[in-house]
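Down below is the structure, laid out as structure tokens.
The values are calculated or read from the model by the stated rules, or taken from the named source; none is laboratory data. Model, not experiment: these values are computed from the prediction. Methodologically, a virtual Cβ is constructed for each residue, glycine included, from the backbone with ideal geometry; neighbour enumeration extends over all protein chains shown. All accessible areas refer to the heavy atoms of the entire protein, side chains included, with ligands and DNA or RNA removed. Shrake-Rupley method; radii C 1.70, N 1.55, O 1.52, S 1.80 Å.
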Amino acid sequence: MSFKAEYIWIDGTEPTAKLRSKTRVLADGAELPTWGFDGSSTNQAEGHASDRVLKPVFTCPDPIRGGDNVLVLCEVFNTDDTPHPSNTRALLRPIAERFAEQESIFGIEQEYTFFKGERPLGFPVGGFPAAQGGYYCGVGADEVFGREVVELHLDRCIEAGLAICGINAEVMPGQWEFQIGPVDALTVSDHLWIARWLLYRTAEDFDITATLDAKPVKGDWNGAGAHTNFSTKAMREGYDAIITACESLGTDQEKVLEHVEQYGFGIQDRLTGLHETPVGRLQLRRLRPRRRRCASRGRSRYKKGYIEDRRPNANVDPYVVTRLLVNTCCSALEKAEQV
Ligand code: MN
Ligand code: MN
């Protein structure tokens with residue numbers, strides 16, 4: 001018997017990359033080979049010499065096809081074996097390795113919005129639903145839209161062995177969230193990209209689209225973020241390290257901009273809405289010291305734990321946000337000898 005391997009990769013679409021995939025049929029027991037594709041169709045090559053290389057980096061069971069079939073997340077390389085500029089995973093690898101002894105752990109809260117045609121799921125034709133208030137973690141046909149897709153997606157993520165740890169309905173109708181973690185930088189990012197692919201693929205069969213647009217409906221409606229929870233070993237053990245990490249992210253305006261500018265396209269729209277915090281104040285309001293797996297939104301009571309960077313957009317590249325957080329915080333912790 002042969003099996004199907006779905007090769008999945010991140011393309012070069014700007015300003016926000018998309019996911020692509022294609023299927024390879026392999027003989028039973030075969031190794032997963034490197035593969036190629038036409039980069040001129042994915043904004044990853046000019047017209048001439050457009051061959052690009054797919055290198056498998058993470059494999060899991062395919063919960064849609066079942067059986068021995070697999071999903072295969074790939075990095076994109078040029079034919080001379082250098083990483084393609086769109087390959088942000090290649091930039092994360094050396095940073096994760098450089099600070100490996102600090103044992104970074106991440107949990108990412110992925111918000112997204114379902115659309116049916118031109119409208120968010122649950123928005124009536126030619127109008128708007130009742131104002132926000134009852135939809136967050138709601139129940140009932142008047143509050144919740146798309147639960148059958150969400151439940152199936154959750155089951156598939158679990159079946160694939162992803163580190164998915166929860167779901168909830170969000171503030172706007174048709175808006176949802178799933179969480180991946182707590183795991184290391186490369187794992188949280190690989191699993192998040194596969195979970196995104198499974199989301200699009202699962203919704204496809206319901207004729208529903210999912211978008212990571214940071215502000216899917218203009219005006220007085222909630223944006224979509226990707227709150228990123230982060231800790232190192234020292235932060236999990238003491239408060240000084242938490243303070244050092246927060247200050248490394250929030251004090252220097254240049255550092256704030258370096259992060260925010262890479263936290264996803266359209267971040268100005270999201271962080272300046274009525275429901276959000278203006279960019280200028282974000283470093284104080286959006287970096288919250290949290291106790292370990294904190295359920296409350298208050299200050300850290302146990303004086304240790306993790307921080308939550310609430311600035312990243314839903315459409316952020318997890319390879320980028322984890323690289324920036326590890327690089328900035330772990331450098332500062334190293335300098336302060338809090339490792
Ligand atoms: Mn949320
Ligand atoms: Mn959060």
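Counting the residues of segment 38-70 that are of a type in the set (S, T, N, Q) and in contact (Cβ under 8 Å) with a residue 60 or more places away in the chain gives 1. If the condition is being among the aliphatic types (A, V, I, L, M), farther than 14 Å from Glu109 by Cβ and in a loop (DSSP other than H, G, I, E, B), then segment 176-213 contributes only Ile208. Being farther than 22 Å from Tyr319 by Cα and part of a loop (DSSP other than H, G, I, E, B) is a condition met by at least one residue of segment 33-44.
Scanning segment 219-233 for residues that are surrounded by 23 or more Cβ atoms within 10 Å (Cβ to Cβ) and outside any loop (DSSP other than H, G, I, E, B) turns up Gly225, Thr228, Asn229, Phe230, Ser231. Condition test on Gly127, is it within 16 Å of ligand 2 (Cβ to nearest atom), small (Gly, Ala, Ser) and not in a helix (DSSP H, G or I)? Criteria not met by Gly127.
Do you know which residues across segment 94-116 are within 22 Å of Asn168 (Cα to Cα) and either open to solvent by less than 20 Å² (accessible area, probe 1.4 Å) or within 16 Å of ligand 1 (Cβ to nearest atom) (or both)? If the condition is that a residue be within 22 Å of Asn168 (Cα to Cα) and either open to solvent by less than 20 Å² (accessible area, probe 1.4 Å) or within 16 Å of ligand 1 (Cβ to nearest atom) (or both), then Phe106, Gly107, Ile108, Glu109, Gln110, Glu111, Tyr112, Thr113, Phe114 are the ones that fit. If you go through segment 65-93 and keep only what is surrounded by fewer than 16 Cβ atoms within 10 Å (Cβ to Cβ) and under 30 Å from Met1 (Cβ atoms), you end up with Arg65, Gly66, Gly67, Asp68.
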